[in-house]
Amino acid sequence: QVQLVESGGGLVQPGGSLILSCAASGTIFGFNVMGWHRQAPGKERDLVATITTSGYTDYADSVKGRFTISRDNAKNTVYLQMNSLKPEDTAAYYCRIDWYGRRFWGQGTLVTVSS
């Protein structure tokens, strides 16, 4: 079993920054893709960013230039550095890992961008 534990959400003013982290339990070996999704009230869950074991990244157009995804394979941890936050970034953020044909989700962490 794989468990993903998220942290780092909170309340921040527009233009501010937050960093989210997500640690996976156990030993994660082989190829995998970790990523972040977000879901605002009344909206579908959208992909924010992904990163492979080798460090290949992809981003949603809405966050390019503002968010950075990274990972520490030794710690089985993925991060999302969020800069220049906007009110429209307000959502529950979920991390996930795709590993050998299975997908595992974190519990979600709330990010609220408001003045």
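The values are calculated or read from the model by the stated rules, or taken from the named source; none is laboratory data. All of these numbers come straight from a predicted model, not from anything done at the bench. Here the Cβ is made from the backbone with ideal geometry for all residues, glycine too, and neighbour counts use every protein chain on show. The area values use the complete protein model at the heavy-atom level, side chains included, leaving out ligands, DNA and RNA. Shrake-Rupley method; radii C 1.70, N 1.55, O 1.52, S 1.80 Å.
Tabulated values for the structure
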quantity	calculated
Members of the range 1-18 found to be surrounded by 15 or more Cβ atoms within 10 Å (Cβ to Cβ) and not small (Gly, Ala, Ser), listed by number	VAL2, LEU4, GLU6, VAL12, LEU18
Test: residue in the range 62-70 that is open to solvent by less than 20 Å² (accessible area, probe 1.4 Å) and either more than 13 Å from VAL111 (Cβ to Cβ) or polar (S, T, N, Q) (or both)	yes
Cβ pairs under 8 Å, 6+ apart, first in the range 52-63 and closer than 15 Å to MET82 by Cα and assigned to a loop (DSSP other than H, G, I, E, B), second open to solvent by 70 Å² or more (accessible area, probe 1.4 Å) and among the aliphatic types (A, V, I, L, M)	ALA60/LEU47
Complete set of residues in the range 22-48 that are under 25 Å from GLU88 (Cα atoms), buried (at least 18 other Cβ atoms within 10 Å of the Cβ) and not β-branched (Val, Ile, Thr)	CYS22, MET34, GLY35, TRP36, HIS37, ARG38
Looking only at the range 71-91, and only at residues there that are modelled with pLDDT of 95 or more, surrounded by fewer than 17 Cβ atoms within 10 Å (Cβ to Cβ) and not basic (Lys, Arg), the one that is nearest to LEU4 (Cα to Cα)	GLN81
Of all residues in the range 92-107 being crowded, with 18+ Cβ neighbours inside 10 Å and out of contact with any Leu (no Cβ under 8 Å at 6 or more places or on another chain), the one that is modelled with the highest pLDDT	TYR94
Given (1) farther than 16 Å from GLU6 by Cβ; (2) assigned to a strand (DSSP E or B), number of the condition PHE104 does not satisfy	(1)
Meets criteria (touching a residue at least 12 places away in the same chain (Cβ under 8 Å) and closer than 13 Å to GLN39 by Cα) for THR109	yes
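A quick yes/no check of all residues on (1) hydroxyl-bearing (Ser, Thr, Tyr); (2) touching a Pro at 6+ places or on another chain (Cβ under 8 Å); (3) within 19 Å of ASP61 (Cα to Cα):
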| position | (1), (2), (3) |
| --- | --- |
| GLU6 | no, no, no |
| GLY10 | no, no, no |
| GLN13 | no, no, no |
| THR27 | yes, no, no |
| PHE31 | no, no, no |
| GLN39 | no, no, yes |
